[in-house]
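I have placed the structure first, in the form of structure tokens, so that the comments after it can refer back to it.
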Ligand code: GLN
């Protein structure tokens, strides 16, 4: 951490941040403060250049048009790319995976160049993936199952420099045959999980915080978070059951 206050970048909340994804920055700030670490959220809008000096960055989901505005801005002001090059942790949700890739195809078939922080591409699938998702993390340091809500039309194919963030237990994730979910490349993590993801997955929040502060963090036991996780993990299993039942009726 460069200074004594942890600085959390909330990147382009004016165009990217569906389903409360801005909550990821709030969770990081709260979990830092609960450990006595001073923390603030730095909101970076379309009116601001993207600073490269922040300690951790989060980006949320978006629909196609908003996604395009974000892509253009991040290409014009490459602060996020520079921060990732020096190893700053970044969490990219849903559309942000697509924007950070080489290119994505919109649902009208148009190909839009991304910012190539991730070695991946995204094309529309025939049906949208909507519902609760449960996965098993593949990242060292994460052991708890992950829970989120997904809502995307894109299917994401990883190239050799990117590895999957998790394996799908219930839901679609990257919507590819290997049942992969999300992406990890260097210090940058992408996931299709809304939720917000860090409210549902405190271990992932603390993973990012530990990287951002360069310290080991004492665990936090919050009963409401444990209850939320129990409910959401059960909802993921319900989605899978419902989908199987619909499949049988066909
Ligand atoms: N527009 C993208 C898709 O449908 C991302 C959607 C989202 O971020 N919720 O794949």
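Every number here is computed from the coordinates shown, using simple stated rules; none is lab data. Worth saying up front: this structure is predicted, and the values here are computed from it rather than measured. Here Cβ is always computed from backbone atoms with ideal geometry, including for glycine, and neighbour counts include all displayed protein chains.
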Return the FRET efficiency for the residue pair residue 223, residue 30: r is the Cβ-Cβ distance, R0 is 22 Å, and the value is rounded to the nearest 0.05. 0.90
Packing-wise, with mean Cβ within 10 Å as the measure, how do 98-104, 65-71, 218-224 rank, highest first? 98-104, 65-71, 218-224
Rounded to 5, percent antiparallel among DSSP beta bridges of the chain: 60
Taking a ≥ b ≥ c as the square roots of the eigenvalues of the Cα gyration tensor, with a/c under 1.5 meaning rounded and otherwise prolate when a/b exceeds b/c and oblate if not, region 91-166 is oblate
Output needed: percent of Cα pairs per 10 Å distance bin for region 108-250, bins running from 0 to the one holding the longest distance. 11, 38, 34, 15, 2, 0
Peptides 204-215, 162-173: what's the order by average Cβ count within 10 Å, highest mean first? 162-173, 204-215
Prolate/oblate/rounded label for region 27-148 (Cα gyration tensor, a/c 1.5): oblate
Rounded, prolate or oblate: pick one for the chain, where a ≥ b ≥ c are the square roots of the eigenvalues of its C-alpha gyration tensor, a/c under 1.5 means rounded, and failing that, prolate if a/b is larger than b/c, else oblate. oblate
